[in-house]
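J.: The structure is given below, and queries will be raised subsequently.
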Amino acid sequence: VYLLSSCPAGYQRLNRLSNGDFSAVTQECQLCPATFYCLGGVAAASPCPADSFSTPGAGAPAECAPVVFVKVSMRFGAGIFDADMQRKYQEALAAACGVPLSKVVP
């Protein structure tokens, strides 16, 4: 069994099970998620400051850029854009932008 001592900038060290217990088996350096930056080492991912955004793999606060909000409006005939289609559109938009689904609001 090895112990992962640190990760490079842009990655966070994960070595916990879903219940929070330490696990030498599940250790990994995971790419820092969008809207966070990871200094590397053993530090956890830190959220970008308010009204800023980063792409996955950001390794410093300077990589968090100001947010530009985009409003998307579309017109569809009645009944065409149902709840299921709206959810799929939101999922596709979140995936294309590299952000969590919770960041895409109707």
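J.: Please state which of the following conditions ASP84 fails to meet, knowing it meets all the rest: (1) farther than 28 Å from TYR2 by Cβ; (2) surrounded by 10 or more Cβ atoms within 10 Å (Cβ to Cβ).
T.: The one condition ASP84 does not meet is (2).
J.: Regarding ALA50, is this residue within 25 Å of SER5 (Cβ to Cβ) and part of a loop (DSSP other than H, G, I, E, B)?
T.: So ALA50 does not fit the description; no.
J.: Now, a different point. Give me the residue from the range 72-106 that is closer than 21 Å to PRO33 by Cα and touching a helix residue (DSSP H, G or I) at 6+ places or on another chain (Cβ under 7 Å) and, out of that set, modelled with the highest pLDDT.
T.: Per the criteria, the residue is GLU91.
J.: Something else now. Return the pairs, sorted by first residue and then second, in which the second residue is among the aromatic types (Phe, Trp, Tyr) and open to solvent by 20 Å² or more (accessible area, probe 1.4 Å), the first residue lies in the range 20-40 and is assigned to a loop (DSSP other than H, G, I, E, B), the beta carbons are less than 9 Å apart, and the residues are 6+ apart or on different chains.
T.: Short answer, once both residue conditions are applied: ALA24/TYR2; GLN27/TYR2; CYS32/TYR11; ALA34/PHE53; THR35/PHE53; CYS38/TYR11; GLY40/TYR11.
J.: Could you list, in sequence order, the residues of the range 8-50 that are among the aromatic types (Phe, Trp, Tyr), open to solvent by 70 Å² or more (accessible area, probe 1.4 Å) and within 27 Å of ALA65 (Cα to Cα)?
T.: TYR11, the sole residue that qualifies.
J.: Those residues that are surrounded by 10 or more Cβ atoms within 10 Å (Cβ to Cβ) and either over 14 Å from GLN12 (Cα atoms) or of a type in the set (S, T, N, Q) (or both), I need them from the range 52-75; list them, please.
T.: In the first step, residues of the range 52-75 are kept if they are surrounded by 10 or more Cβ atoms within 10 Å (Cβ to Cβ); the result is 52-61, 63-65, 67.
Listed by number, the residues that qualify are SER52, PHE53, SER54, THR55, PRO61, GLU63, CYS64, ALA65, VAL67.
J.: Which members of the range 29-62 meet the condition of being farther than 21 Å from SER102 by Cβ and either in contact with a Phe, Trp or Tyr (Cβ under 9 Å, 6 or more places away or on another chain) or at pLDDT 90 or above (or both)?
T.: Of the range 29-62, the ones farther than 21 Å from SER102 by Cβ are 29, 39-43, 59-62.
Correct list: CYS29, LEU39, GLY40, GLY59, ALA60, PRO61, ALA62.
J.: Just give me the residues in the range 87-106 being surrounded by 11 or more Cβ atoms within 10 Å (Cβ to Cβ), aliphatic (A, V, I, L, M) and assigned to a loop (DSSP other than H, G, I, E, B), in sequence order.
T.: VAL99, VAL104
The values are calculated or read from the model by the stated rules, or taken from the named source; none is laboratory data. Computed from a prediction, not measured in an experiment: that's the story for all the values here. Because the Cβ atoms are built from the backbone with ideal geometry, glycine has one as well, and the counts that use them run over all protein chains shown. SASA here: full protein model, heavy atoms, side chains in, ligands and nucleic acids out. Shrake-Rupley method; radii C 1.70, N 1.55, O 1.52, S 1.80 Å.
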